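Peer 1: One structure follows; several queries about it will come next.
The values are calculated or read from the model by the stated rules, or taken from the named source; none is laboratory data. Computed from a predicted structure; not experimentally measured. Cβ: placed from backbone, ideal geometry, glycine included. Neighbour counts: every protein chain shown.
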Amino acid sequence: MDVERWKRLSPLLDVLLELEPEARAEQLEILRADDPDTAQELEKLLALEEEGDGFIDQPLVDKPGQLKPGTRVGPYQLESLLGEGGMGMVWLASRADGLYQRRVALKLLRPGLADPNLRLRFTREREILARLEHPNIARLLDAGVGSEGQPYLALEYVEGVSITDYCLANNIGLEARLALFLQVCEAVSHAHANLIVHRDLKPSNILVTPTGDVRLLDFGIAKLLDDPEPVAVHPRTEVRAFTLHYAAPEQVRGELVTTMTDVYSLGVVLYELIAGTKPYRLRRQTDAEWEQAILAVEPLKPSVATLRTTDGSRNQDPDARRTARKLAGDLDNITLKALQKAPEQRYASVEALSLDLQRHIEGRPVHARPQSVGYRVHKYLVRHRWALAMGGLATTVLVAALAASVWQGRQAMRETARAQAMQDFVIGLFDNASASQQGSTFDARELLAAGERRGERELANEPRAQAELLGVIARLRLGLGDYHESLALLEKQARVLAATDDVPDSLRLQAATQHGRVLRLLGRSRQCVQAMVPMEARLGALESRLPLRVAEFQSQNGRCRADAGEKQVARQMFDRSLEIRRGLKDEAGVAENMRDLAQLDVELGNAEAGARGYRAALAHLQAHGHARHPLAVEILRSLAILYRNRGETDAALANFERARDLAQDIHGPQHPITQAVRRQVAAIHVDLGQLHRAEAEMRELHALTLQTVGPQHRDAAASWNSLGIIAWERGDYQAATRDVGHAVDILRRLDNEQLLPSSLFNYGMVLHGAGRDAEALAALEEARRIRVRTIGASHALVGETDRMIGEVLAAQGKLESATEHFDRAVRLTRVGFGPNHPRTWFAELSMARHLTRLGRPADALATLQRLARHEGGGSEAPKLRWQARAYLGEAHCRLGGRERDRGRNELDALVGELRAAQPDGGVIPREAADIRAACH
């Protein structure tokens, strides 16, 4: 029997099996009048059912091309079948190509099923899993198509058992079961934040590892909420893509699925975890009866269900009665609210379900119950029963503690005096704020300067209060972008703390963190590391008391280490900080460390992982109500930079503009972060050939930047660099070398090995354009040495530097040395950036043109023709095509004869096209015109 026939017969068979013999015969007669063949086949199946219960033990659907252990699929070798579902199979497999050793869960589309909808779902699963990055969700490791044309997904292999089996095998108590379930909620919430609904939540898709951590599996039928064309299907005509026992009523009816569908399925899982049974007890375990129960039957309360045996009689087990008492009330109401038939009557989100469970665990009133006064008072008394019981005992203890309180009183008096001094200071500061008033507004900087002066006078006898005040003013100055003033205040704070006894650890740790932060923002990564080293030895002792402060310190220290080239040390610090913040539910901090790790991936050459990390960090912020957090500006900016480096100009510009608008709203137009994003928007305009617009924007920004941060700040260096690149594009080589030279000088003084190589690269590029090739070669070789030292000789950025060095050497006539650099450039960029990255294209283009220089223009034609036809938009693909056409015309000119005429015509057409497309001019139109002039 084929698949389509069985899909037609299966639901009809379910209905007939439910009927009494007389009613069944009547229905068969009605069906026979309409479809005799179908009625006959159903009678045969019913007859088989009467002969024995095993009549459908063997599959009715043929499975051609059955896979076996040892089969190769892509680079993986199958070991054993782990499971099968509606759309595919999951095998335990191992990497077999020798690249590295790893065991994976390999998901394959079921052989023999040609349904294009199933293949579409399989493709969708790859897209979905790539968007999910969460410790409780099995990660996507690889994806591809095997030699037989079979698509596969390689997933993290999770060694664990289903959540229900784990709880039974380990005799897990109710509180621990709820803790496991809350992990599940976190994972599903993360999926929902990425606009993904799982649609098949069940215990077999929720594994628990031997360490007690939950892993959520199988997003294969998940529906993207942002799918532009959702299509509802009827459950009796589709191949089921969900497990019926855990399906929501809207799934059974074939209606549109939402996040509240997962809330219902989680309700079923919760019911099974706490009550040890499913919500519905049926006479016959058929699809038809299950559908009827899901649609119309109200489940028993879990506290009642746990007292019933499978045959419906009362369970006399004392443990069952104790469990029922724990479930009665809050957990009954929470579970049944999640299982409401109408989606709008359930919890509005997984977070709401999770929060209600947290309230129950903490002894607080839950939202699933009416909030009567009696209920709330009862919860309060239960929650504080120990405190109330100990009240009498506390009276006795107070008498015994009287002697100790005398010493504590003296200490409190000192603390009160310090607090009173701070209070008087702040009140006095604002009482005299009129001195900094300008019209109807106040000058914030003048107010802070006045506060610093008052603090020196009035808090001289309270050094701890003075140190706290200096730290507060320094942070406020930092928020205004006054980096140098903030550093001076923090250095003064450090001197006060060094001369003061009995300083709290929290203040010392916070001061060290802020000191490192300002030094890094000033580009002094080495000094930052040195400033933070003294506190590192104490972190272990402080973590239990000051976990949030320690996490902040670790994060800042990791950034300084990364800037100083200590990437692996930085990763360890970020991981530790992330672990602490997850435990504290510091969601903004979690997103910050996710962004740190993504940035580290980008710096180490793994741009794809970096992009996923940025998007996950942004989604985490948005999911936890922090969409307007200042960190969102930095994440959007980092993502835009990554898109720009890939040549995806439209995506880069969109993200830069989002970051700019958010920065102006949060920080204001004069803040360095706002100015930096505006500068990057101007750089996109340069990429697009809009030189006049970009220069006007940069002139205004440059003056504002120097005024805000001073002439020796790294932002000033970035501003000079941007002006120099615009001058280079316009052909003003004198201004270009002067401006980029300023940037290099500033970064060299700041010892900024993070930014210096890029500025040296640009300096070599503009010097080469000016014909100063000896100086250009020195700058480029210095950039290469720094990059080799900080990121390794095989990094793709080293290959890009090799390409530019090759151009300079070729201009000097050193063709053999140039060839070596071009070869290395193509190899490193192709491996590091990938074959479809703009920097790889331009490395190949430089190598092809070099063949023309070597007197081999015919050998260059094939590559140049391919690159001249390269598809793609943005800013880099058109530049590639224009340059390739220019070099193609040059190659034809070198061939002579009719080919020279062809080359002239090609170059004439290109020069005219560039004049229209790039009215502001630029390097490429100028280069094309020079090549045409040389083609006599």
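Peer 1: Do any helices (runs of 4 or more DSSP H) entirely within region 325-392 hold 3 or more residues that are modelled with pLDDT of 85 or more and surrounded by 15 or more Cβ atoms within 10 Å (Cβ to Cβ), and if so, which?
Peer 2: 330-338, 350-361
Peer 1: Is it the case that some residue within region 462-483 is modelled with pLDDT of 75 or more and acidic (D, E)?
Peer 2: Checked against the condition, which is being modelled with pLDDT of 75 or more and acidic (D, E), region 462-483 yields at least one hit.
Peer 1: Output the residue which, of all residues in region 153-167 that are outside any strand (DSSP E or B) and in contact (Cβ under 8 Å) with a residue 40 or more places away in the chain, is surrounded by the fewest Cβ atoms within 10 Å (Cβ to Cβ).
Peer 2: Among those residues, the one meeting the criterion is E159.
Peer 1: Does A683 fit the bill of being farther than 18 Å from L478 by Cβ, assigned to a helix (DSSP H, G or I) and at pLDDT below 90?
Peer 2: yes
Peer 1: Filter the helices (runs of 4 or more DSSP H) completely within region 763-834 down to those with at least 2 residues that are among the polar types (S, T, N, Q).
Peer 2: 815-832
Peer 1: Please find, within region 254-281, the residue that is surrounded by the fewest Cβ atoms within 10 Å (Cβ to Cβ) out of those that are more than 33 Å from the chain's Cα centre (by Cα) and of a type in the set (A, V, I, L, M, F, W, C).
Peer 2: I274
Peer 1: Further, regarding this structure: Looking only at region 464-473, decide whether some residue is in contact (Cβ under 8 Å) with a residue 40 or more places away in the chain, closer than 30 Å to I746 by Cβ and over 32 Å from the mean Cα position of the chain (by Cα).
Peer 2: yes
Peer 1: Got a sec? Which of G855, G889, G873 is farther than 19 Å from D823 by Cα and either among the aliphatic types (A, V, I, L, M) or surrounded by fewer than 15 Cβ atoms within 10 Å (Cβ to Cβ) (or both)?
Peer 2: After ruling out the rest, the residue left standing is G873.
Peer 1: Run L723 past the list (1) surrounded by 21 or more Cβ atoms within 10 Å (Cβ to Cβ); (2) under 23 Å from T790 (Cβ atoms); (3) without any contact (Cβ under 8 Å) to a residue 60 or more places away in the chain and report the number of the one that doesn't hold.
Peer 2: (2)
Peer 1: In region 518-560, which residues are basic (K, R) and modelled with pLDDT of 90 or more?
Peer 2: Within region 518-560, R549, R559 qualify.
Peer 1: Right, something else. Taking the residues in region 135-152 that are of a type in the set (A, V, I, L, M) and within 24 Å of A617 (Cα to Cα) as candidates, determine which candidate is surrounded by the fewest Cβ atoms within 10 Å (Cβ to Cβ).
Peer 2: L141
Peer 1: Could you check region 189-215 and list, in sequence order, the residues that are among the hydrophobic types (A, V, I, L, M, F, W, C) and at pLDDT below 90?
Peer 2: Once the filter is applied, which keeps residues that are among the hydrophobic types (A, V, I, L, M, F, W, C) and at pLDDT below 90, region 189-215 yields A191, A193, L195, I196, V197.
Peer 1: So in region 668-680, with the set limited to residues that are of a type outside the set (S, T, Y) and without any contact (Cβ under 8 Å) to a residue 40 or more places away in the chain, which one is nearest to R477 (Cα to Cα)?
Peer 2: G668
Peer 1: Looking at region 526-628, what helices (runs of 4 or more DSSP H) fall wholly within it and have at least 1 residues that are surrounded by fewer than 24 Cβ atoms within 10 Å (Cβ to Cβ), polar (S, T, N, Q) and under 13 Å from the mean Cα position of the chain (by Cα)?
Peer 2: 587-603, 607-623
Peer 1: Give all pairs with beta carbons closer than 7 Å in which a residue from region 259-287 that is at positive phi meets a residue that is at pLDDT below 90 and outside any helix (DSSP H, G or I); count only pairs at least 6 apart in sequence or on separate chains.
Peer 2: Short answer, once both residue conditions are applied: G276/T306.
Peer 1: Scanning region 104-123 for residues that are surrounded by fewer than 18 Cβ atoms within 10 Å (Cβ to Cβ) and under 13 Å from L153 (Cα atoms), which turns out modelled with the highest pLDDT?
Peer 2: By that ranking, first place goes to T123.
Peer 1: With respect to E753, determine if the residue is part of a helix (DSSP H, G or I) and out of contact with any Pro (no Cβ under 9 Å at 6 or more places or on another chain).
Peer 2: For E753, the condition - part of a helix (DSSP H, G or I) and out of contact with any Pro (no Cβ under 9 Å at 6 or more places or on another chain) - is not met.
Peer 1: Also, I was wondering about something else. Assess whether D715 counts as being surrounded by fewer than 21 Cβ atoms within 10 Å (Cβ to Cβ) and not assigned by TED's automatic domain parsing to the domain that holds L195.
Peer 2: When the stated conditions are applied, D715 does not pass them.
Peer 1: Show the residue pairs that are 6+ apart or on different chains and have beta-carbon atoms under 8 Å apart, the first residue being within region 733-747 and touching a residue at least 60 places away in the same chain (Cβ under 8 Å), the second being in a helix (DSSP H, G or I).
Peer 2: From residues that are touching a residue at least 60 places away in the same chain (Cβ under 8 Å), the pairs are L747/R714; L747/A717; L747/L756; L747/S759.
Peer 1: What single numbered condition from (1) within 34 Å of the chain's Cα centre (by Cα); (2) surrounded by 23 or more Cβ atoms within 10 Å (Cβ to Cβ) fails to hold for E729?
Peer 2: Checking E729 against (1) within 34 Å of the chain's Cα centre (by Cα); (2) surrounded by 23 or more Cβ atoms within 10 Å (Cβ to Cβ), the one that fails is (1).
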